[in-house]
């Protein structure tokens, strides 16, 4: 261990080598999850058109009705782009606008039955393991499962 690593280890209780390894593992996990399934494959399979906001909007709307401003904030886009996303989903029969009870000026965006089916297909595709993971030996998968069980949110 170098002097710099020792100094850092003394300050944090961890060593630089462990942090570097965690960083490499995290980068590999991000690369794998960000690339599979590809956004293009999802869009084509689900007929969502171009723009990652369309996929994100579908997932957010699965949680329940949202106003256009709430949807824009959830998807991290501006209001005009959220309107285009909703227009696209309406044209495909996946969502519809409804007046909010108590304030008809506010339009809520709600998934239609077709939108719910598309959302279910999307979730199934997102949770299907990539071929690279399926190709790993059972012992490696068990080690990954054990490590994942120690992470927050796993249970």
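The values are calculated or read from the model by the stated rules, or taken from the named source; none is laboratory data. Please read these numbers as outputs of a predicted model, since none were measured by experiment. Cβ atoms come from the backbone with ideal geometry, glycine included; neighbour counts cover every protein chain shown.
Counting the residues of segment 62-116 that are exposed (fewer than 15 other Cβ atoms within 10 Å of the Cβ) and assigned to a loop (DSSP other than H, G, I, E, B) gives 7. Screening residue 87 against (1) under 21 Å from the mean Cα position of the chain (by Cα); (2) under 23 Å from residue 66 (Cβ atoms) leaves a single unmet condition, (1).
For segment 51-60, the condition of being surrounded by 10 or more Cβ atoms within 10 Å (Cβ to Cβ) and modelled with pLDDT under 70 holds for at least one residue. In segment 140-152 there is no residue matching the filter, namely being loosely packed, with under 13 Cβ neighbours inside 10 Å and within 23 Å of residue 70 (Cβ to Cβ). Here residue 62 qualifies as in the same structural domain as residue 127 (by TED's automatic domain parsing) and touching a residue at least 40 places away in the same chain (Cβ under 8 Å). When you scan segment 42-53, do you find a residue that is free of Cβ contacts under 8 Å to residues at least 12 places away in the same chain and more than 14 Å from the chain's Cα centre (by Cα), even just one? Checked segment 42-53: at least one residue is free of Cβ contacts under 8 Å to residues at least 12 places away in the same chain and more than 14 Å from the chain's Cα centre (by Cα). Screening 95, 79 for residues that are at pLDDT 95 or above and in contact with a helix residue (DSSP H, G or I) (Cβ under 6 Å, 6 or more places away or on another chain) leaves exactly one candidate, 95. Listed by first and then second residue, the pairs linking a residue in segment 125-152 that is part of a loop (DSSP other than H, G, I, E, B) to a residue that is surrounded by 12 or more Cβ atoms within 10 Å (Cβ to Cβ), with Cβ atoms under 9 Å apart and 6 or more places separating them unless they lie on different chains, are 128/36; 128/37; 129/36; 130/32; 130/36; 130/37; 136/144.
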